[in-house]
Structure formats: structure tokens, C-alpha cells
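See structure below.
The values are calculated or read from the model by the stated rules, or taken from the named source; none is laboratory data. Computed from a prediction, not measured in an experiment: that's the story for all the values here. For neighbour counting, all protein chains shown are included, and Cβ atoms are generated from backbone atoms with ideal geometry for every residue, glycine included.
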Amino acid sequence: MALSVRYVIMLLLTFIFTSFYLLIDRSEDKCHQNGVDARSEHCIDYYDFKTFSDFDNVSGYPDPIVPNIVHFIRMQQPYVPFYEMVNIKAVFLNQQPEWIFIHCDNCSFYGRYWEALQREFGDSIILRQVEPPKDFFGFKFANKWHQGDAMRILVLMEYGGIFLDNDIYVVRSLDRFRHFEMSLGWDEGQFLGTQVLIAHRNARFLKLWHECYRDYHGDRWYFNAGELPTKAVLYQHPEIVHRVKLLFGVHMLVKNLYKTFWDKWEEQYTIHLLMRHRSYLDKNSPIKEFDEQNIRRYNFTYGAMVRKIIFGTTLPVNDSVISGL
């Protein structure tokens with residue numbers, strides 16, 4: 001759908017305003033107050049750029065400017081399944097963040113896989129109880145998925161860091177992307193991917209993306225999350241993000257993961273597992289829900305990925321090998 005002239009003008013004015021706004025010094029940084037506990041105050045002490053005017057998002061800054069913290073959002077999801085436990089463990093092993101923040105409305109997580117995470121990484125996991133936004137700019141959200149799309153923008157605008165969808169598997173370190181204002185998966189001929197977002201809290205695109213919700217369309221699944229910000233902002237100003245093509249794995253990879261062995265999976269930085277969509281995209285699989293037993297001899301790519309995290313090898317393992325869960 002073509003964008004109205006009025007809305008294009010509004011976005012242009014928003015971009016000009018944002019550029020000016022970033023030049024203005026902010027209130028005192030909590031990170032530099034004496035006696036502040038960074039964990040309790042959710043304070044991240046990194047380069048606090050006030051403006052990214054003329055910032056080079058191709059080569060980046062010499063030092064990391066994005067904090068090494070990872071954010072997950074869990075709304076109405078107190079049970080932690082096996083695959084999400086594997087993904088969180090992969091973050092700790094392959095990214096080695098300072099902390100993982102889980103932003104949740106019901107933070108009373110349960111299940112043996114959550115208990116396993118608590119035993120191994122509990123001191124580095126911070127639960128932040130939040131109320132999901134009911135509306136943006138007066139528009140009521142049509143569903144919880146649209147709420148989650150908006151929440152990731154707000155979380156990154158507050159803290160900065162690395163946002164991951166719950167079904168993202170981190171293959172290798174994302175540290176090289178922490179040198180950029182904002183990095184995201186944006187494949188050729190596609191809208192941006194929201195599953196992996198790495199951003200400084202003052203990144204210009206975050207604010208412009210937020211403004212795109214002034215024209216909220218609850219009946220269109222990916223309009224405000226992907227289509228509109230790509231067309232109205234990134235097509236006009238691609239220089240405000242670091243564009244990652246294919247290597248964030250946010251394209252369709254069901255066949256690669258669950259129907260064959262993909263020998264190049266370890267060249268990815270992250271992989272979107274599309275786990276919620278397996279019920280119809282991989283409907284002929286005899287395995288409806290993965291666990292530490294059926295993954296031992298699962299011959300497709302996902303089996304090797306999980307075994308590397310759980311058993312320390314990509315090869316099939318027999319029942320005598322202990323998972324430690």
C-alpha cells in the first residue's frame with residue numbers, strides 16, 4: 001500500500017527532530033552516581049553517545065558501544081520448554097553476556113528446564129517484571145505479538161543491548177556488532193527482521209521505528225514491525241543501521257534445520273528456529289516436541305545444534321551420555 005504524502009512528511013519531520021534531539025545532552029547518567037548498584041538500577045555504563053550524526057555504520061566504532069547484555073521478552077509464558085532452555089544456554093556459552101534480562105509479566109517461571117538454568121546461570125539472569133504496553137499513541141494493540149514487537153523497541157531505547165526472540169539460537173559471538181549504532185537482519189528484497197536486534201539505546205532508528213506506530217494497523221501482521229519502518233525509514237536512510245544479510249538467520253530455514261543436514265550452519269551468527277511454526281511447516285516429523293532424549297539421535301541440523309550445547313558434541317550420542325539437566 002502506498003504511503004500517504006501526509007505520513008511521509010510526518011516521518012521526515014520526525015527524522016529531523018530526532019537528529020536535533022540527539023544533540024541535546026541528557027539528564028545525569030545513573031551509571032556515574034556514587035554507590036549505584038548496576039544490577040538493581042538496571043544501569044549499563046557504556047559509551048553514552050548523545051548523537052550519531054555522521055556515524056559510520058559500515059566500519060563502526062573502534063570500541064564496543066553496545067552493552068553486552070541480552071534481552072528476552074516473555075509475556076504469559078511462565079513455563080520454559082526445552083528448546084528455550086537450550087537457546088538461553090547457547091547465549092551464555094557463545095555470547096558470554098554480562099547479564100541476561102528477562103522482561104516478563106509473570107516471572108514465576110517453572111519446569112525442570114528453568115530449574116536447570118537457575119542452577120547453572122541463576123546469578124546472571126535478571127527478571128524484570130513489566131506490564132506490556134496496552135496501546136501506542138492511543139491505538140490499542142490487537143494481540144500480544146504486536147505488544148511484543150513494540151516492547152523490544154522500548155527495552156532497547158531504555159537499556160541498549162542485544163534483543164533476541166525466544167526461538168533464536170546464538171551460534172557464535174555477536175561482539176563484532178556491538179561496535180555499531182544498531183545492527184539488524186535485513187535480507188535482500190525483504191523487510192527488516194525483528195528477531196535479532198543489537199543497538200545502542202540512543203540509536204536513531206529505534207526512535208523512528210517507535211514513531212511508525214502512530215500509524216498502527218492491528219489487522220496487518222507485520223506492517224508496523226517490519227513493512228512500514230523498512231519502507232518509510234530504512235529505504236530512505238539505510239545508513240542509520242548496520243545491515244546484516246542472511247547471517248542472522250532470520251529467513252526461512254525450516255528445510256535446512258528440520259529436513260536435511262546443513263553443513264554451513266556454524267557460519268551463521270544466529271538462527272531463527274521458527275519453533276512455533278513447526279506444527280505446520282514440519283508437520284510430518286514424528287517429533288512434536290524436542291527434549292534431551294529424542295535429540296540424541298536426531299539426524300538433521302537442529303539435532304547437531306542442540307547436542308553441541310547440551311552434550312558438547314554435534315555427533316549423535318547414546319543413552320549412556322549424561323546431559324547434566
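Cβ-Cβ distances below 7 Å connect the following pairs, each with a first residue in the stretch 159-172 that is acidic (Asp, Glu), a second residue that is in a loop (DSSP other than H, G, I, E, B) and crowded, with 24+ Cβ neighbours inside 10 Å, and a separation of six or more residues or different chains: Asp167/Leu273. Against the condition more than 14 Å from Val86 (Cβ to Cβ) and touching a residue at least 60 places away in the same chain (Cβ under 8 Å), how does Val250 come out, does it pass? Yes; evaluated as a whole, the condition is true for this residue. Out of curiosity, is Gln293 among the polar types (S, T, N, Q) and farther than 23 Å from Pro81 by Cα? Here the answer is no, as Gln293 does not meet what is asked. The test for being in contact (Cβ under 8 Å) with a residue 60 or more places away in the chain, in contact with a helix residue (DSSP H, G or I) (Cβ under 9 Å, 6 or more places away or on another chain) and either among the small types (Gly, Ala, Ser) or assigned to a strand (DSSP E or B) (or both) holds for Phe72. Selection of first residues in the stretch 253-270 that are touching a residue at least 40 places away in the same chain (Cβ under 8 Å) and of second residues that are buried (at least 20 other Cβ atoms within 10 Å of the Cβ) and among the small types (Gly, Ala, Ser), restricted to Cβ pairs under 7 Å at least 6 apart or on distinct chains, gives the following pairs, ordered by first then second residue: Gln268/Gly249; Thr270/Gly249.
Only residues that are closer than 30 Å to Gly324 by Cα and either touching a residue at least 40 places away in the same chain (Cβ under 8 Å) or in a helix (DSSP H, G or I) (or both): list them for the stretch 115-139, please.
The answer is Glu115, Ala116, Leu117, Gln118, Arg119, Glu120, Phe121, Gly122, Asp123, Ser124, Ile126, Arg128.
Cβ-Cβ distances below 8 Å connect the following pairs, each with a first residue in the stretch 80-103 that is closer than 17 Å to Gly160 by Cα, a second residue that is among the charged types (D, E, K, R) and surrounded by fewer than 19 Cβ atoms within 10 Å (Cβ to Cβ), and a separation of six or more residues or different chains: Gln95/Asp175; Trp99/Arg39; Phe101/Arg128; Ile102/Arg128; His103/Arg128. How do the pairs read when you match residues in the stretch 281-302 that are not assigned by TED's automatic domain parsing to the domain that holds Asn87 with residues anywhere that are among the small types (Gly, Ala, Ser) and part of a loop (DSSP other than H, G, I, E, B), using Cβ under 8 Å and keeping only pairs 6 or more apart or on different chains? Cβ pairs passing all conditions: Glu292/Ser323.
Of all positions in the stretch 232-239, none carries a residue that is farther than 23 Å from Asp187 by Cβ and either free of Cβ contacts under 8 Å to residues at least 60 places away in the same chain or not aliphatic (A, V, I, L, M) (or both).
For Val58, the requirement of being more than 18 Å from the chain's Cα centre (by Cα) and more than 27 Å from Tyr213 (Cα to Cα) is met.
Just one of the listed residues (Asn106, Asn94) is among the polar types (S, T, N, Q) and buried (at least 17 other Cβ atoms within 10 Å of the Cβ), and it is Asn94.
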